[in-house]
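The values are calculated or read from the model by the stated rules, or taken from the named source; none is laboratory data. Keep in mind that this is a model prediction, so the values were computed, not measured. Glycine also receives a Cβ, built like all others from the backbone with ideal geometry; neighbour counts cover every protein chain displayed. Only protein heavy atoms, including side chains, enter the accessible area calculation; ligands, DNA and RNA are left aside. Shrake-Rupley method; radii C 1.70, N 1.55, O 1.52, S 1.80 Å.
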Amino acid sequence: METQEMMMEFDSSSSNESFARVAVAAFAARLDPTVEEITDIKTAVSEAVTNCIIHGYESTEGKIRVECKIHNRELLITVMDRGCGIADVKKAMEPLYTSKPELERSGMGFAFMEAFMDELKVSSMPMAGTIVQMRKKIAKKPEAV
């Protein structure tokens with residue numbers, strides 16, 4: 001199977017979170033995922049994009065880039081910002097940790113991404129931005145008899 005790709009870049013506005021979620025779900029739909037798989041993908045994308053808006057750019061404006069690739073029934077989603085970055089990625093990925101308790105953030109964004117996807121990688125540099133890579137294998141549905 002050939003690799004299929006999609007890329008989009010949009011403003012770091014909370015109104016674009018649902019746009020990103022739906023666009024990635026529409027791209028993934030060509031794999032004929034289950035409702036549960038598509039819900040997992042949409043939730044993970046929502047968390048990643050929201051992190052860019054709330055934590056990456058804080059109260060400033062910037063761009064969020066989402067890239068998707070499909071190869072051999074596997075979906076790779078990359079969400080990037082060029083925001084303030086994360087000083088301690090390991091700490092940021094701890095469940096219930098939040099750098100914004102005053103905003104009533106749950107600190108579960110990375111935990112949700114990890115739970116709903118098969119693989120999660122986060123790389124970041126302070127003042128340079130963050131890259132979140134998520135991988136999801138889409139199960140092949142059994143043939144109808």
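How far, in nm, would the chain grow between Thr43 and Asp118 when pulled straight, counting 0.36 nm per residue and subtracting the alpha carbon separation?
Numbers: separation 75, 0.36 × 75 = 27.00 nm, distance 1.34 nm.
Using 0.36 nm per residue and subtracting the Cα-Cα distance, I get 25.7 nm.
Computed packing ranks the peptides 114-120, 49-55 as 49-55, 114-120, most packed first, by mean other Cβ atoms within 10 Å.
Under a 1.4 Å probe, what is the accessible area of the chain per residue, stated in Å²? Provide the component values of the computation, followed by the final result.
Values: 8250 Å² over 145 residues.
With the other protein chains kept in place, the chain gives 57 Å² per residue.
Here the spin labels are modelled as points 7 Å beyond Cα on the Cα-Cβ line, and at Lys141 and Thr3 they lie 2.8 nm apart.
How do 21-29, 87-95, 39-47 rank on mean C-beta neighbours within 10 Å, highest first? If you can, show how the numbers build up before the last one.
Details: 21-29: 17.4, 87-95: 13.2, 39-47: 20.9.
Order by mean packing, descending: 39-47, 21-29, 87-95.
Derived from the Cα gyration tensor, the three semi-axes of the equivalent ellipsoid of the chain are 27, 16, 13 Å, largest first. Across the chain, Cα pairs under 8 Å and at least six residues apart give a relative contact order of 27 percent. Between the helical axis of 35-51 and the longest alpha-carbon principal axis of the chain there is an angle of about 20 degrees. Site pair Lys90 and Thr60 shows an inter-label distance of 2.8 nm when each label is modelled 7 Å from Cα along Cα→Cβ.
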